[in-house]
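The structure under discussion appears below in the form of structure tokens.
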Amino acid sequence: MAKDKDAEMRVDEALEDAGLEARVYELGFHLDPELPIEEVKKAYQMVRGLIESKGAVVVEGEPQKVQLAYTISRQAHSGEAGRRDFDSAYFAWVVYETTAENHAEIISAASADKPIIRFIDLLTTKDAARHSAEMREIFLKTTERVENPEEVAVAELDAALEHVIV
């Protein structure tokens with residue numbers, strides 16, 4: 001019995017300490033696509049500033065307008081009537097390190113932020129976040145080279161046809 005009680009006390013102490021230990025989180029969020037670009041940047045900077053005040057930014061991706069894979073329908077905020085549907089949004093993400101207490105404050109603020117139409121928050125690691133950022137950079141560089149895939153395919157076909165022996 002004494003061993004069980006000691007084990008329970010160690011678990012309780014570990015849980016209390018876990019709230020004080022810094023962990024790495026990734027907050028990905030969609031911003032309202034109807035906002036002017038200045039307001040998008042301002043909304044992003046407000047989220048980033050809050051995160052910086054509560055922890056340390058590890059890596060980030062500034063807002064970029066994206067076409068959504070499916071329509072997001074959201075209840076309008078107070079003062080607005082009905083629902084709004086979104087087929088596109090500005091997507092941004094921030095990987096940060098903070099305590100569980102500060103993390104809860106960040107999530108609460110993201111939930112209350114009107115320009116944010118949807119967000120996801122994940123537990124991650126610094127290495128995984130940096131690797132993801134590197135892969136994204138490689139992807140962006142690759143897609144910049146291939147501006148129009150149809151033109152590239154036509155050019156490759158023309159080059160192949162030049163070498164065909166009739």
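The values are calculated or read from the model by the stated rules, or taken from the named source; none is laboratory data. Owing to the predicted nature of the structure, the values given are computational and were not obtained by experimental measurement. FYI the Cβ positions are ideal-geometry reconstructions off the backbone, even for glycines, and counts take in every protein chain you see.
Here are the numbers:
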read-out: Scan of the stretch 34-51 for residues that are free of Cβ contacts under 8 Å to residues at least 40 places away in the same chain and surrounded by fewer than 16 Cβ atoms within 10 Å (Cβ to Cβ), ordered by number; value: Glu34, Pro36, Ile37, Glu38, Lys42, Gln45, Gly49
read-out: Residue that is farthest from Gln75 (Cα to Cα), among those in the stretch 111-122 that are among the hydrophobic types (A, V, I, L, M, F, W, C) and either within 12 Å of the chain's Cα centre (by Cα) or not assigned by TED's automatic domain parsing to the domain that holds Ala43 (or both); value: Leu122
